[in-house]
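K.L.:
Before anything else, here's the structure in question.
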């Protein structure tokens, strides 16, 4: 299943819907700990800042929502992959607060769709050109694993900031 969901390794055994519903608040908590002074600072060259991570999550929520809806609406649909690095080009300078608000609104909308579609549509298939045939449920699980991957990045950045503050 790793080929279908490259984020499966991040899943922690909690129900997928719980992970998805908790993500917006978790992001907000991490951003608060990181603080405004560090929110736009990348941890290393070529890595995204906390604000850019949240922009990426907002963009991915658009893509995931589109994929979920196409899976439900179309037969034999082929998902369109996207290049996250190209999508991230305009992130520099975009406010994390706006990205989080966008992510939260989109996530809430997608959660309503997921709740109304599962378990009935769980096995509805769609094809990802790079990963093969997957199901509606696999897309939902990918969303959760993707969340946990980026939440762990934000958590590391928040804990680094907390360590620095405690060291003063």
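Throughout, read-outs are computed from the coordinates displayed, never taken from laboratory work. What you are looking at is a predicted structure, and each value in this text was computed from that prediction instead of being measured. No Cβ is skipped: glycine too gets one built from the backbone with ideal geometry, and neighbour counts run over all protein chains shown.
K.L.:
Give me the tail of P(r) for the range 1-146 as a percent: Cα-Cα pairs with distance above 17 Å.
P.N.:
The proportion of pairs with Cα distances above 17 Å equals 63 percent.
K.L.:
Considering only 54, 78, 126, give the residue with the highest GNM mean-square fluctuation for the chain, with springs between Cα atoms whenever their separation is below 10 Å.
P.N.:
Among 54, 78, 126, the largest GNM mean-square fluctuation belongs to 78.
K.L.:
May I pose another question? Between residue 85 and residue 153, what is 0.36 nm times their sequence separation minus the Cα-Cα distance? Round to one decimal in nm.
P.N.:
Answer, rounded to one decimal: 22.8 nm.
K.L.:
Against the longest principal axis of the chain, how steep is helix 16-34, in degrees 0 to 90 to the nearest 10, with axes from Cα atoms?
P.N.:
Roughly 20 degrees, rounded to the nearest 10.
K.L.:
Compute the angle between helix 136-166 and the longest alpha-carbon principal axis of the chain, please, reported from 0 to 90 degrees and rounded to the nearest 10.
P.N.:
10 degrees
K.L.:
What angle, in degrees between 0 and 90 and rounded to the nearest 10, separates the Cα long axis of helix 96-117 from the longest principal axis of the Cα atoms of the chain?
P.N.:
Tilt relative to the chain: about 30 degrees.
K.L.:
Follow-up. Once you put a point 7 Å from the Cα of residue 133 and another 7 Å from the Cα of residue 42, both along the Cβ direction, what distance in nm separates them?
P.N.:
So the label points at residue 133 and residue 42 sit 4.1 nm apart.
K.L.:
Here is a follow-up. Picking from 11, 118, 157, which is most flexible by a Gaussian network model of the chain using Cα springs under 10 Å?
P.N.:
Sorting by GNM fluctuation, first place goes to 118.
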